[in-house]
Amino acid sequence: MKPENRELAANIGTVLRGAREASKLTQGDIAVFMDLSEAFYQRIETGNALPSIQTFYRLRSLLNLSADDILNGNFDRDSYQPIELPPELKPSGQAGSLMRRIMRSRPFIQRIAFALLRHVQEDISPEKSQADEHKG
């Protein structure tokens with residue numbers, strides 16, 4: 001890696017690691033979602049490799065991060081909204097292959113799919129279910 005890219009790679013890795021950890025995902029989980037080898041994703045997180053533009057965009061989408069924050073190394077764990085996937089959507093779950101297909105799809109399809117997943121998650125969240133039981 002060129003010396004002038006080392007700071008950029010470190011910034012990217014720091015933010016991705018923070019978002020991944022806040023979301024309680026493993027490097028292996030991200031690698032599966034992104035269709036990358038775990039070793040390569042680990043190199044990105046440790047600042048030893050730069051992702052392609054396409055991979056950067058997909059990582060940004062998956063982890064719900066802004067490109068500016070990633071490139072500048074800005075990660076605020078307190079204000080970050082971690083992604084929360086139900087167990088069945090984890091890479092090892094039944095929908096793992098579907099998630100991998102979504103992550104390889106076009107960006108507008110990804111946005112639609114993740115918006116849909118957020119709505120489904122809101123509808124099935126334990127707090128909503130308990131509130132609905134108390135109404136009835």
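The values are calculated or read from the model by the stated rules, or taken from the named source; none is laboratory data. Quick caveat, the model's predicted, so the values are computed rather than measured. For neighbour counting, all protein chains shown are included, and Cβ atoms are generated from backbone atoms with ideal geometry for every residue, glycine included.
Pull out all pairs, ordered by first then second residue, where Cβ-Cβ is under 7 Å, the residues are six or more apart or on different chains, the first lies in segment 34-55 and is without any contact (Cβ under 8 Å) to a residue 12 or more places away in the chain and small (Gly, Ala, Ser), and the second is part of a loop (DSSP other than H, G, I, E, B) and buried (at least 18 other Cβ atoms within 10 Å of the Cβ).
Within 7 Å, no pair qualifies.
So which residues in segment 31-55 are under 22 Å from Lys2 (Cα atoms), of a type in the set (A, V, I, L, M, F, W, C) and touching a Leu at 6+ places or on another chain (Cβ under 8 Å)?
Narrowing segment 31-55 to residues under 22 Å from Lys2 (Cα atoms): 39-55.
Still in the list and also of a type in the set (A, V, I, L, M, F, W, C): 39-40, 44, 49-50, 53.
The answer is Ile44, Leu50.
What helices (runs of 4 or more DSSP H), lying completely within segment 33-123, carry at least 2 residues that are surrounded by fewer than 16 Cβ atoms within 10 Å (Cβ to Cβ) and either touching a Gly at 6+ places or on another chain (Cβ under 9 Å) or at pLDDT below 90 (or both)?
Numbers: elements: 38-45, 53-62, 67-72, 96-103.
It comes to 96-103.
Kindly provide the set of residues from segment 1-38 that are of a type in the set (S, T, N, Q), more than 11 Å from the chain's Cα centre (by Cα) and under 24 Å from Asp78 (Cα atoms), ordered by number.
So the first thing to find is which residues in segment 1-38 are of a type in the set (S, T, N, Q), and the list is 5, 11, 14, 23, 26-27, 37.
Those still in the list that are more than 11 Å from the chain's Cα centre (by Cα) too: 5, 11, 14, 37.
Once the filter is applied, which keeps residues that are of a type in the set (S, T, N, Q), more than 11 Å from the chain's Cα centre (by Cα) and under 24 Å from Asp78 (Cα atoms), segment 1-38 yields Asn11, Thr14.
Name the pairs whose Cβ atoms lie under 6 Å apart, with the first residue in segment 101-112 and closer than 10 Å to Leu62 by Cα, the second part of a helix (DSSP H, G or I) and of a type in the set (Ser, Thr, Tyr), and 6 or more positions between them or separate chains?
Listed pairs, sorted by first residue: Gln110/Ser61.
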